[in-house]
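First the structure, in the form of structure tokens, and then the observations on it.
The values are calculated or read from the model by the stated rules, or taken from the named source; none is laboratory data. Everything quoted here is computed from the prediction, not taken from an experiment. Using ideal geometry, Cβ is built from the backbone for each residue, glycine included, and neighbour counts are taken over all protein chains shown. Surface areas here come from the heavy atoms of the whole protein model, side chains and all, with no ligands, DNA or RNA. Shrake-Rupley method; radii C 1.70, N 1.55, O 1.52, S 1.80 Å.
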Amino acid sequence: MNKILAFSGVAAWALMAACSQPTQVNTDDQDPDLKVINADSLGKHIEVLSSDDFMGRKPFTAGETKTIEYLQAQFKQIGLEPGNGDSYYQDVPLTEITTKGADSMMVESPKGKFALKGFDDYAIWTQRTEPKVSLDKDELVFAGFGIVAPELGWNDYAGIDVKGKVVLVMVNDPDFGTQDSSLFKGRTMTYYGRWTYKFEEAARQGAKGCLIIHNTAAASYAFNVVQNNWNSARLNLATSDYQCAVVGWVTAPATQKLFEAAGLDTALMQKAKQKGFKPVPMGLKLTTSVQVKVKKDMSHNVIAKITGSKRPNEYIIYSAHWDHLGVGTPDATGDSIYNGAVDNASGTAGLLELARAFKNMKEKPERTIVFLAVTSEEQGLLGAAWYAAHPVYPAAQTVANINMDCLNVYGKSKDLIVVGQGQSELEDILKEEAEKAGRYLTAETHPEAGSYFRSDHFNFAKAGIPALYVENGIDLVDGGKSEGEKFSKEYNEKHYHQPSDEYDPEHWKMDGAIEDLKLFFKVGKHLSQSDKWPAWKSGSEFKAIRDKQQHH
Ligand SMILES: [Zn+2]
């Protein structure tokens, strides 16, 4: 998952909730269907999926084969029906692009030439499939945040033609770090702030290259996460749309060097936060190249279902991505297997536990419950993007999506964090069920991280399907917020996208994940036994899509 687990700082809302905290209630007594969900079974699945044997579950590898066969076998064992006709698989054609960048990038300036060093100063790659892409003395233009938002009267490409040029842009939204939410959404990152949007918009503008200025706070992850893209293999959905030749990130110190060489003041980056900012040619020319190797192959979403007893043509989709980073750059201990135990063997195991619970329900669900383990989330939410573009079940007949990514392994929490708070009525159902269990919901502690765009539910949302995505709570029953923040900070700094994200039964407490799964089950059961169609709330950027779909 492209996600940073929530930590540090508490929303005012949580403070209010904190003083009127309900006490935890054992919900099993309220609903015997919950009894099925158990820690041993969940732990067993995580142990298997995140074992070295599964080699970090990278698509196209033996790790993929082991993973999808395990999931199919488990779905069959639980007694689920195949979810795609008579198959438990949905083919996802992908292109694997392996890039090898030249060691350096030459920068020509009026003050002379200098070189930036690949991996240290920048990390670039391409989504193109020709054998080599290059920059040849191509002009660099500083284009602010690289945003074109007509509905906000904002255009960072106004009055300049960047065709054949390289654009240098800033990550996040112009109001990042300000309290001003008059234009964008203040602390909450909009899709315009997301790195994928920056590349998509630069391509729409016909730019030859797009370099994003890295800033740990604004990106909400350190440059070493970006460095994973240097000289590595990346998967893409095959597309015929125009793509920039070169995309990537440049460090803040290297950016400083570029501005100095251009004789420009970095205060320009402050100016870019103002409406009416105009893009600035920097008078610099960039030269470098990237060798490209392409492999077309088929990855797989794994899909199973329980057909509804009364409204079989109405669907509730639970999703979780089964993939992770595979075998890569060894860490300091020499370990090169990125096991992805929390990210996302935990969510995938959760999918199996929920499937078992729905299959063992006393009363069959009236609507159809679908369990979808998607591929290639780490590569850009690709499996979910393919499903959304090639839905097995029509979006208009899909009631909701509930996505799981990184379950809580640090012990029961009193709270749960709703990502994209205020987006849909699904969170109202979750709130109701949470309060029955003596728990409370809080808003994201880091809305600037744009977590709503960083996991698979985003592709369901883009298809108009109300999508619920929850981050782990931090207000732990044992130790409160300080303990919760400590654990999530440790995960982010030490284990996130690192080989050390491994199954750790000695230190993990599964009861946290179990309590959250029971709530996800309750939301789905609630929807499966009702004829309600939860809607997007007004102000949601996804409501218009659904309104066009719905005829209920
Ligand atoms: Zn993940």
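Less than 13 Å apart at the alpha-carbon level, and either on another chain or at least 8 residues along: which aspartates and glutamates does that give for Lys165?
Cα-Cα hits under 13 Å: Asp136, Asp138, Glu139.
Ordering Arg57, Arg311 by accessible area with a probe of 1.4 Å, largest first, what comes out?
The most accessible residue leads, giving Arg311, Arg57.
Which FRET efficiency value, to the nearest 0.05, is calculated for Asp120 and Ser500 with the Förster distance at 25 angstrom and r the Cβ-Cβ distance?
0.60
Take the alpha carbon gyration tensor of the range 209-327, find the square roots of its eigenvalues, order them as a ≥ b ≥ c, and report rounded if a/c is under 1.5; if not, report prolate when a/b exceeds b/c, else oblate.
Note, shape of the range 209-327 comes out prolate.
Can you give the calculated 222 nm mean residue ellipticity of the chain, where each DSSP H run of n ≥ 4 adds -39,500 (n - 2.57) and the sum is split over every residue, rounded to the nearest 500 deg cm²/dmol?
The per-residue figure over the chain is -7500 deg cm²/dmol.
Given a cut-off of 29 Å, what percent of all Cα-Cα pairs of the range 357-506 lie beyond it?
23
Counting only other residues whose beta carbon sits under 15 Å from that of Gly334, what net charge do I get with K and R as +1, D and E as -1?
After counting each charged neighbour, the total is -4.
Using a 1.4 angstrom probe on the protein heavy atoms only, could you order Asp456, Asp161 from most to least accessible area?
Order by accessible area, largest first: Asp161, Asp456.
Given the whole protein assembly as supplied and a 1.4 Å probe, what does the accessible area of Ser530 come to in Å², nearest 10?
20
Calculate, axis by axis, the spread of Cα positions in the range 301-394 along the three principal axes, and write the results as whole Å, longest axis first.
Taking the Cα atoms of the range 301-394, the three principal extents are 55, 31, 12 Å.
Sort Glu485, Glu490 by heavy-atom solvent-accessible area, probe 1.4 angstrom, most to least.
Greatest to least solvent exposure: Glu490, Glu485.
Label 7 Å along Cα→Cβ of Ala222; the range 491-521 residues with amide nitrogen under 14 Å?
Residues 491-500 qualify, since their backbone N sits under 14 Å from the label point.
Please report how far the C-alpha centroid of the range 347-406 lies from that of the range 204-262, rounded to the nearest whole angstrom.
Rounded to whole Å, the Cα centres lie 32 Å apart.
How much length, in nm to one decimal, is gained on full extension between Thr98 and Gln291, taken as 0.36 nm per residue of separation minus their Cα-Cα distance?
68.7 nm
In the range 432-462, which residues have a backbone nitrogen under 11 Å from the label point lying 7 Å from Ser530's Cα in the Cα-to-Cβ direction?
Zone members listed by number: 432-433.
Filter the cross-link list Lys481/Lys537; Lys364/Lys532; Lys273/Lys489; Lys436/Lys543; Lys132/Lys163; Lys305/Lys522 down to pairs whose alpha-carbon distance in this structure exceeds 21 Å.
Over 21 Å apart, Cα to Cα: Lys481/Lys537; Lys273/Lys489; Lys436/Lys543.
Tell me whether the chain comes out rounded, prolate or oblate; compute the Cα gyration tensor, take square roots of the eigenvalues as a ≥ b ≥ c, and use a/c under 1.5 as the rounded threshold.
Because a/c hits 1.5 or more and a/b exceeds b/c, the chain counts as prolate.
Using the heavy atoms of the protein chains alone and a 1.4 angstrom probe, what is the accessible area of the chain per residue in square angstrom?
37
Among 240-248, 210-218, what's the highest-first ranking by average C-beta atoms within 10 angstrom per residue?
In decreasing order of mean packing, 240-248, 210-218 become 210-218, 240-248.
Measure off, as a whole percent, the carbon and sulfur share of the 1.4 Å-probe accessible area of the range 96-295, all protein chains present.
53
Once the Cα atoms of helix 511-528 and of the chain are each reduced to a long axis, what angle between those two axes, in degrees from 0 to 90 to the nearest 10, is obtained?
In the chain, helix 511-528 runs at an angle near 80 degrees to the longest axis.
Mean separation of Cα pairs under 8 Å and 6+ residues apart, divided by the residue count of the range 96-295: what relative contact order is that in percent?
40
Could you tell me the relative contact order of the chain? Use alpha-carbon pairs under 8 Å, at least six residues apart, and round to a whole percent.
23
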